[in-house]
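Down below is the structure, laid out as structure tokens.
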Amino acid sequence: MSDLLAQRSGAVVTLTIHRPAALNALTGALLADLRRAVEEAADDRTVRAVVITGSGEKAFSAGADLNEISVLGSDLDKAREVMAAGQAALRAIERAPVPVIAAVNGLALGGGFELVLASTFAVLSTRASLGLPEAALGLIPGYGGTQRLPRAVGHRVAAHLMLTGARLSADRAYELGVTPVPPVAPEELLPTATSIAETIAARGPLAVRAILHAAEAARDAPLEEGLTTETELAARAIASPESTEGVAAFTERRPPVFPNPED
């Protein structure tokens, strides 16, 4: 059976990391498959949101597969190659033109937490536990955690979490802004994440893609450059048939019927 399961319902694709015996640890091949699946979903203009979760009740993902890491030994070039590939996979997910929602059902440690940080946002079960414990193994977060966690929670909190390996409960993660959604009961996790995905899927798909593009600029560019990007994207939205339908539907007090974007 594949280590990554895909299921589609309407305009939402759910990807399930399926290595429950290994607490859904991330191998290089699995990260590549995850990247490919998200990119294929984004390329399908009838797909409007992606949900990523973990198989079973114990873990979203307990991190990178240490069996793969341990065999690298002192091979610096190979280690660099493995880390770069993992970073590239999560960066591709982060930059996906459709929202990617992490539904975190248990442990999200190391690379698992880094996957959460690379998602558009996360929904957490009350059983979720997040952390970057790499320093205890003489390692550091290598899939973007040292960069994304400070941006999410601030430098001092991030430094404390990474240096001590302390774990965040779901409630604490919500307090710190790691997730914008209050933690939910385990049995409500996927229904909640899917409901949010369906809400987004009902929005104008071109507008959603434009918002994600503009938000990406906010992360990576100075304010003035980001505002220039926003101006262009907002103008394109106003001039699109999608906005014509959206405004007409609002005026006529009916749900909008947005076409799928053209390639």
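Just give me the residues in the stretch 94-137 being of a type in the set (Gly, Ala, Ser) and farther than 23 Å from THR194 by Cβ, in sequence order.
Looking only at the stretch 94-137, we keep the residues that are of a type in the set (Gly, Ala, Ser), and these are 96, 102-103, 106, 108, 110-112, 118-119, 122, 125, 128-129, 131, 135-136.
Of everything in the stretch 94-137, those that are of a type in the set (Gly, Ala, Ser) and farther than 23 Å from THR194 by Cβ turn out to be GLY110, GLY111, GLY131, ALA135, ALA136.
Can we say LEU107 is at pLDDT 95 or above, open to solvent by 10 Å² or more (accessible area, probe 1.4 Å) and farther than 12 Å from LEU26 by Cα? Spell out the reasoning first.
Details: at pLDDT 95 or above: yes; open to solvent by 10 Å² or more (accessible area, probe 1.4 Å): yes; farther than 12 Å from LEU26 by Cα: yes.
Spelling it out, LEU107 is indeed at pLDDT 95 or above, open to solvent by 10 Å² or more (accessible area, probe 1.4 Å) and farther than 12 Å from LEU26 by Cα.
Just need a number here: residues in the stretch 124-133 that are open to solvent by less than 10 Å² (accessible area, probe 1.4 Å) and either of a type outside the set (Gly, Ala, Ser) or in a loop (DSSP other than H, G, I, E, B) (or both). Break it down stepwise before answering.
So in the stretch 124-133, the residues open to solvent by less than 10 Å² (accessible area, probe 1.4 Å) come out as 124-125, 128, 130-132.
Now drop any that are not either of a type outside the set (Gly, Ala, Ser) or in a loop (DSSP other than H, G, I, E, B) (or both), which leaves 124, 128, 130, 132.
The number of residues fulfilling the criteria is 4.
Just name the residue that is nearest to GLY28 (Cα to Cα) out of those in the stretch 72-82 that are open to solvent by 60 Å² or more (accessible area, probe 1.4 Å) and under 27 Å from the mean Cα position of the chain (by Cα).
The qualifying residue nearest to GLY28 (Cα to Cα) is GLU81.
Residue-by-condition table, conditions (1) part of a helix (DSSP H, G or I); (2) surrounded by fewer than 17 Cβ atoms within 10 Å (Cβ to Cβ):
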| site | (1), (2) |
| --- | --- |
| ILE101 | no, no |
| LEU115 | yes, no |
| ALA122 | no, no |
| THR146 | yes, yes |
| ALA158 | yes, no |
| LEU161 | yes, no |
| ALA166 | no, yes |
| THR179 | no, no |
| PRO182 | no, yes |
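Can you pull out every residue in the stretch 229-252 that is over 13 Å from GLY204 (Cβ atoms) and surrounded by 12 or more Cβ atoms within 10 Å (Cβ to Cβ)?
THR229, GLU230, GLU232
For the stretch 47-99, give me each residue that is small (Gly, Ala, Ser) and either assigned to a strand (DSSP E or B) or without any contact (Cβ under 8 Å) to a residue 12 or more places away in the chain (or both). Quick ask: steps written out before the conclusion?
Going through the stretch 47-99, the residues small (Gly, Ala, Ser) turn out to be 49, 54-56, 59, 61-64, 70, 73-74, 79, 84-86, 88-89, 92, 96.
ALA49, GLY54, ALA59, SER61, ALA64, SER70, GLY73, SER74, ALA79, ALA84, listed by residue number.
Just to be sure, is GLU94 touching a Pro at 6+ places or on another chain (Cβ under 7 Å) and charged (D, E, K, R)?
Working: touching a Pro at 6+ places or on another chain (Cβ under 7 Å): no; charged (D, E, K, R): yes.
No; evaluated as a whole, the condition is false for this residue.
I'm trying to understand the selection: among the residues of the stretch 17-27, which are surrounded by 20 or more Cβ atoms within 10 Å (Cβ to Cβ) and either in contact with a strand residue (DSSP E or B) (Cβ under 8 Å, 6 or more places away or on another chain) or closer than 26 Å to ALA201 by Cβ (or both)?
ILE17, LEU23, ASN24, ALA25, LEU26, listed by residue number.
Yes or no: ALA136 open to solvent by less than 50 Å² (accessible area, probe 1.4 Å), in contact (Cβ under 8 Å) with a residue 12 or more places away in the chain and either in a helix (DSSP H, G or I) or of a type in the set (A, V, I, L, M) (or both)?
no
Please find, within the stretch 30-58, the residue that is most open to solvent (accessible area, probe 1.4 Å) out of those that are of a type in the set (Val, Ile, Thr) and more than 14 Å from the chain's Cα centre (by Cα). Spell out the reasoning first.
Narrowing the stretch 30-58 to residues of a type in the set (Val, Ile, Thr): 38, 46-47, 50-53.
With more than 14 Å from the chain's Cα centre (by Cα) added as a condition, the list becomes 46-47.
Numbers: THR46: 53, VAL47: 6 Å².
That would be THR46.
State yes or no: is ALA207 part of a helix (DSSP H, G or I), closer than 19 Å to ALA122 by Cα and hydrophobic (A, V, I, L, M, F, W, C)?
The answer is no for ALA207.
The values are calculated or read from the model by the stated rules, or taken from the named source; none is laboratory data. Computed from a predicted structure; not experimentally measured. With ideal geometry, Cβ positions are generated from the backbone for all residues, glycine too; neighbour counts draw on all protein chains shown. Keep in mind that these areas ignore ligands, DNA and RNA; they rest on the heavy atoms of the full protein, side chains included. Shrake-Rupley method; radii C 1.70, N 1.55, O 1.52, S 1.80 Å.
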